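The structure appears below as structure tokens.
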Amino acid sequence: MSFNPQTVADQIFKLTNIGNIKTVAVCMTRFRLNLSDYSQIDLAALKNIDGVADALIVDDQLQIVMGLGNGVKVYESFKPYLENNAAISANTER
């Protein structure tokens with residue numbers, strides 16, 4: 001199946017719980033989330049998203065690893081979720 005950033009963003013949104021997200025950051029290969037409660041995260045489910053290579057917690061940050069350039073694509077697809085939540089979008093890094 002080909003990489004679909006909107007589908008990946010939708011699935012990440014469902015698995016992370018918008019109320020749990022404090023900040024979002026992105027690089028070419030990773031979509032990074034700082035969360036309030038990491039115990040709510042099902043890393044296995046995140047890893048099973050088609051297009052996700054890995055999901056891990058590093059230095060109090062959930063990092064979702066994708067292919068080159070895909071982190072940015074997922075961020076662009078995730079932005080509408082952020083824009084609907086002022087508390088997150090005010091803390092969003094890029």
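Taken together, the values in this text are just the output of simple stated rules run on the coordinates, not laboratory data. No experiment lies behind these values; they were computed from the predicted model shown. Quick reminder, even Gly has a Cβ in these numbers, built from the backbone with ideal geometry, and neighbours come from all protein chains shown.
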### Query
What is the dipole size for region 5-87, taken about its Cα centre, with +1 at each Lys and Arg Cβ and -1 at each Asp and Glu Cβ, in debye to the nearest 20?
120
### Extension reserve of the D42-D60 stretch, reckoned as 0.36 nm per residue once the Cα distance is removed
5.0 nm
### Query
Tell me, what is the FRET efficiency for N17 and K79 to the nearest 0.05, using R0 = 22 angstrom and their Cβ-Cβ distance as r?
0.80
### Task
Over the chain, calculate the relative contact order: mean separation of alpha carbon pairs under 8 Å at least 6 apart, over the residue count, as a percent.
36
### Summary
For T29, other-chain or 5+-apart residues with amide H closer than 5 Å (H placed, Pro excluded) are G69, G71
## Note on the structure
The answer for K22, listing residues at least 5 apart or on another chain whose modeled amide H is closer than 5 Å to its amide H, is N34, L35, S36
### Message
Translational diffusion coefficient of the chain at 25 °C, 0.890 mPa s, Stokes-Einstein with Kirkwood Rh over Cα pairs, in µm²/s as a whole number.
### Response
191
